[in-house]
Amino acid sequence: QENALKSGVDIVVATPGRLVEHIRLGNLSLSNVKHFVLDEADRMVDMGFINEIKGVIANIPAKRQYLMFTANVEEDIRALCTGLRNHS
């Protein structure tokens, strides 16, 4: 994973925790991200990944397309979406 990420990739599929770890280790830069997709956002929040998700979003350039898929729109998800809107 480390070598592949350092050599450059077009798509990264990862859990929030693993993604944050690769960023922290310097294996991955999000400076050129054009699209950010968060699938099962409600489950990620339920599992306690909200801070990791916010940390990832903080590393993504503001002018990007954000796609979020969720079965339920709870208050945490609404707040996250509002934060995305304010991030751009």
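The values are calculated or read from the model by the stated rules, or taken from the named source; none is laboratory data. These figures come from a predicted structure and were not determined experimentally. For neighbour counting, all protein chains shown are included, and Cβ atoms are generated from backbone atoms with ideal geometry for every residue, glycine included. Side chains are part of the model used for accessible areas, which takes the heavy atoms of the whole protein and leaves out ligands, DNA and RNA. Shrake-Rupley method; radii C 1.70, N 1.55, O 1.52, S 1.80 Å.
Just the number, please: Stokes-Einstein D of the chain in µm²/s, Kirkwood Rh from C-alpha pairs, 10 °C, 1.306 mPa s.
Values: Rh = 13.5 Å.
The calculation lands on 118 µm²/s.
Evaluate the relative contact order of the chain (contact order divided by residue number), counting alpha-carbon pairs under 8 angstrom at least 6 apart; express in whole percent. Show your work: numbers first, answer last.
Details: 76 pairs, mean separation 28.5, N = 88.
Rounded, it is 32 percent for the chain.
Along Cα→Cβ, 7 Å out, is where each label goes; now give me the distance between the ones at Asn27 and Ala79 in nm to one decimal.
In this crude spin-label approximation the distance works out to 3.0 nm.
On a 1.4 Å probe surface of the protein chains, which of Arg64, Arg24 comes out largest in accessible area, and what is the full order?
Working: Arg64 75, Arg24 160 Å².
Largest accessible area first, the residues go Arg24, Arg64.
If I compute solvent accessible area with a 1.4 Å probe over the protein chains, what percent of it on the chain is carbon and sulfur?
Working: 2960 of 6050 Å².
Carbon and sulfur together cover 49 percent of it.
Can you pull the one-decimal nm distance between simple spin-label points at Gln65 and Ser7, each 7 Å off the Cα toward Cβ?
That separation, rounded to one decimal, is 2.8 nm.
With all protein chains present, calculate the accessible area of Met47 using a 1.4 Å probe and round the result to the nearest 10 Å².
About 100 Å², ignoring ligands and nucleic acids.
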